[in-house]
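Participant: Can you keep this structure in mind? I'll have questions shortly.
The values are calculated or read from the model by the stated rules, or taken from the named source; none is laboratory data. Being a predicted model, the structure only gives us computed values, none of them experimental. Please note: Cβ atoms are built from the backbone with ideal geometry, for glycine as well, and neighbour counts cover all protein chains shown.
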Amino acid sequence: MNEQPLNLKRLHPTRHGRTAHGLLAALAIVALLLLLSVLLPLVWEALPALTAPFLWGKGQGAIGPEVLNTLSLVGGSELLSFPLALLVGLYRVEWVKSQGPLLRVFDQFATTMLSVPSIVIGLVVVDVAIARWHWPVSTMTGIVALALMNWPLSVAYVVEALQQIPGRYREGSWALGASRWQTVRYLILPLAWPQMVEQAGLATARLMGETAVLIYTAGVNAAVHWSLWGPGESLAVHLWLLRTEGVGQNAQAQAAATGVVLLAFVVLVLWGSKRMAQWLKNA
């Protein structure tokens, strides 16, 4: 067999490649500078209000209740939506093999739900849960609204993670005598967990910034003593209120500080999910 000689010129980047790399690096620097031009003034404006009583207190102007409500709303919605999405995704990928009309209808429904504005979901929850079931405007109602909004996205990334696992892995497991459930539990899920965890972090960060779906369901007030059926104003809703209706002397500084805290939570969630996904890959 004749071996082709190694062309060393191909191992070196071409002039066009270096130009493209330099252009991309310049665009990244410009994007970073634009981001800093927004963040640095926000942090500077927030510094006077970033005090311990503001962060952890429950009095006038403090955001302690809003922090607790945000964690409750986002955590509760993920606890409702992700297990259901995981079951649907597993059934959709691992058990359903025929592309029948019902499966096409389900895929179309899930795609449509992804494009529904969040305020529409909030109004539907208001009409059903509050107007018909007489639920109060509360943290629990907000959790249900966020779960309904998050479920189609969770199904989408669960299905994507499962479909990226090569079919030969399943076939090899079945050839060794494993059942379908054993293959899913001991082979498919461990391989899919890292991507699902990272995508769940992105979905959680998205939920933290939601306002429209929560204004009508969780409310624009925060109770001093947390309750699942009490008012559940989140950080994002609190920020919206301060920016639109805040008339106090420190309203703008408090709004900036609320935005910085919310941004810090988003960064922490994204970093934590990425680290968890990396740990699962190496486990």
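Participant: What are the pairs with Cβ atoms under 7 angstrom where one residue, in segment 251-262, is in contact (Cβ under 8 Å) with a residue 12 or more places away in the chain and the other, located anywhere, is crowded, with 22+ Cβ neighbours inside 10 Å and not in a helix (DSSP H, G or I)? Sequence gap at least six, or different chains.
Facilitator: Every condition considered, the pairs that remain are Thr258/Ile63; Val261/Ile63.
Participant: Continuing with this model, one more query. Please find, within segment 19-54, the residue that is surrounded by the fewest Cβ atoms within 10 Å (Cβ to Cβ) out of those that are in contact (Cβ under 8 Å) with a residue 24 or more places away in the chain and not hydrophobic (A, V, I, L, M, F, W, C).
Facilitator: It comes out as Pro48.
Yes or no, residue by residue, for (1) closer than 25 Å to Pro65 by Cα; (2) of a type in the set (Lys, Arg); (3) touching a Lys or Arg at 6+ places or on another chain (Cβ under 6 Å):
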{"site": "Val120", "(1), (2), (3)": "no, no, no"}
{"site": "Thr141", "(1), (2), (3)": "yes, no, no"}
{"site": "Val159", "(1), (2), (3)": "no, no, yes"}
{"site": "Tyr169", "(1), (2), (3)": "no, no, no"}
{"site": "Trp174", "(1), (2), (3)": "no, no, no"}
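Participant: Something else: So which of Gly219, Gly177 is touching a helix residue (DSSP H, G or I) at 6+ places or on another chain (Cβ under 9 Å), assigned to a loop (DSSP other than H, G, I, E, B) and of a type in the set (Gly, Ala, Ser)? Talk me through it step by step, then tell me what you get.
Facilitator: Values: Gly177 fails: touching a helix residue (DSSP H, G or I) at 6+ places or on another chain (Cβ under 9 Å).
Unique residue meeting the criteria: Gly219.
Participant: If you don't mind, there's one more thing I want to ask. Is it the case, given these coordinates, that Val88 is under 30 Å from Asn221 (Cβ atoms), at pLDDT 80 or above and hydrophobic (A, V, I, L, M, F, W, C)? First the steps, then the outcome.
Facilitator: Working: under 30 Å from Asn221 (Cβ atoms): no; at pLDDT 80 or above: yes; hydrophobic (A, V, I, L, M, F, W, C): yes.
For Val88, the condition - under 30 Å from Asn221 (Cβ atoms), at pLDDT 80 or above and hydrophobic (A, V, I, L, M, F, W, C) - is not met.
Participant: Next up: All but one of (1) closer than 30 Å to Gln195 by Cα; (2) of a type outside the set (Ser, Thr, Tyr); (3) in a loop (DSSP other than H, G, I, E, B) hold for Val224; state the number of the condition that does not hold.
Facilitator: Failing condition for Val224: (1).
Participant: Can you name the number of the only condition in (1) more than 15 Å from the chain's Cα centre (by Cα); (2) in contact (Cβ under 8 Å) with a residue 12 or more places away in the chain that Ala277 fails?
Facilitator: (1)
Participant: Out of all the residues in segment 209-225, is one or more surrounded by fewer than 18 Cβ atoms within 10 Å (Cβ to Cβ), farther than 20 Å from Met149 by Cα and either modelled with pLDDT of 95 or more or among the aromatic types (Phe, Trp, Tyr) (or both)?
Facilitator: No - not one qualifying residue is present in segment 209-225.
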